[in-house]
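Q: Pasting in a structure now, in structure tokens, and then I'll have a few things to ask.
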Amino acid sequence: SYSGAYALKLTSDSLDNDIYFGYVFSNGQLAEQEISDTPRYSGGFPITTAPDSLCGFFKFNIAENDTAIGMLSFKKNGVIVGQDLIKITGTSNQFVKLAFDVDETMFTPDTAMIAFSCSNPFDEPVAGNWLIIDSLWFKGSPDTIPNADFEEWTEVKYDDPVGWASLNEMLASNNQQSVTKTTDKHSGSYAVRIESMMAIDIEGMPNTISTGI
């Protein structure tokens, strides 16, 4: 960490010939899991004015043919009024202070969201990238970023039957599991119980998720 006990580390890794890159959203998520040049998102955190820039301390190791990406999005009454794309390249094994300018928004926003990934989601991500982030703050604004020093963490746990796949990993952040082990079995110690359920997303709106294996 740059300060305190913890920082946030994102990494890219390979599995079954695919590259999976680390990404994080500040109190938000992509809407309908869409990624485009102008991503839509749900959630965010309240602000009273648009900042001049986003500042923080970073360490990183990004491959020459890849780019770490940050995104700032601003909303007014639920409508996106401004977005800024951050690019981080190269390598720094020591914490460096970086400041990213924020373009003027169409209207004074009431909500902001910050996202980072250690590879470019719009291109071919590279395994082995990593990005460490600590001590974020807005310049030119009295607003603060929730858990900007990454000192507060929630442990997320879930079970999956070995050799089978489910949506439990996605649901775990809401303390939900749609596939569970049960002692109501035909033989052995356990059977698998599968159910459809109402999942609560980041803005509290229920969505029906049907799951099966």
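The numbers here are math on the coordinates, done by the rules we state, and not lab data. Keep in mind that this is a model prediction, so the values were computed, not measured. Quick reminder, even Gly has a Cβ in these numbers, built from the backbone with ideal geometry, and neighbours come from all protein chains shown.
Q: Stokes-Einstein at 25 °C, 0.890 mPa s, Kirkwood radius from Cα pairs: D for the range 135-196 in µm² s⁻¹? Let's see the in-between values first.
A: Details: Rh = 15.0 Å.
Answer from the Stokes-Einstein relation: 164 µm²/s.
Q: Measure off 7 Å from each Cα along the Cα-to-Cβ vector at Lys97 and Asp52, then give the distance between these two points in nanometres to one decimal.
A: 1.3
Q: Taking 1 over the mean of 1/r across every pair of different Cα atoms in the chain, what Kirkwood radius in Å do you get?
A: So the Kirkwood estimate lands at 19.2 Å.
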